[in-house]
Amino acid sequence: MSAPQEAPQPAAADDGPKITRTDCDRCGTRVSGIDGRYACGVCGWVNHWSEGHRPLPPAEADVDYPGPGAAPRRRR
């Protein structure tokens with residue numbers, strides 16, 4: 001896997017997400033992502049969530065989080 005071309009900057013507690021860029025590991029297309037998480041629109045490659053530059057927020061921080069024990073939402 002290729003390393004991001006831009007070194008991540010340490011984030012302060014009040015900093016929001018940062019747009020980062022790298023080359024797709026599968027086809028080489030230049031892709032952009034948020035905090036080191038990428039998805040290629042050309043070939044469908046997606047890097048693993050753990051490769052991001054900062055931890056993901058917990059599910060409870062999502063404004064759409066239905067609460068513990070809620071039934072999964074059905075796709076239409």
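The values are calculated or read from the model by the stated rules, or taken from the named source; none is laboratory data. In this text, all values refer to a predicted model and were calculated from it rather than measured experimentally. Backbone-built Cβ (ideal geometry, glycine too); neighbour counts: all protein chains shown.
Does V31 qualify as being at pLDDT 90 or above, assigned to a loop (DSSP other than H, G, I, E, B) and β-branched (V, I, T)?
No; evaluated as a whole, the condition is false for this residue.
Could you list, in sequence order, the residues of region 35-64 that are modelled with pLDDT under 90 and in contact with a helix residue (DSSP H, G or I) (Cβ under 8 Å, 6 or more places away or on another chain)?
L56
Just to be sure I understand the filter: pairs with C-beta atoms under 8 Å, separated by 6 or more residues or on different chains, first member in region 60-74 and surrounded by 10 or more Cβ atoms within 10 Å (Cβ to Cβ), second member small (G, A, S). Which pairs pass?
Correct list of pairs: Y65/A59.
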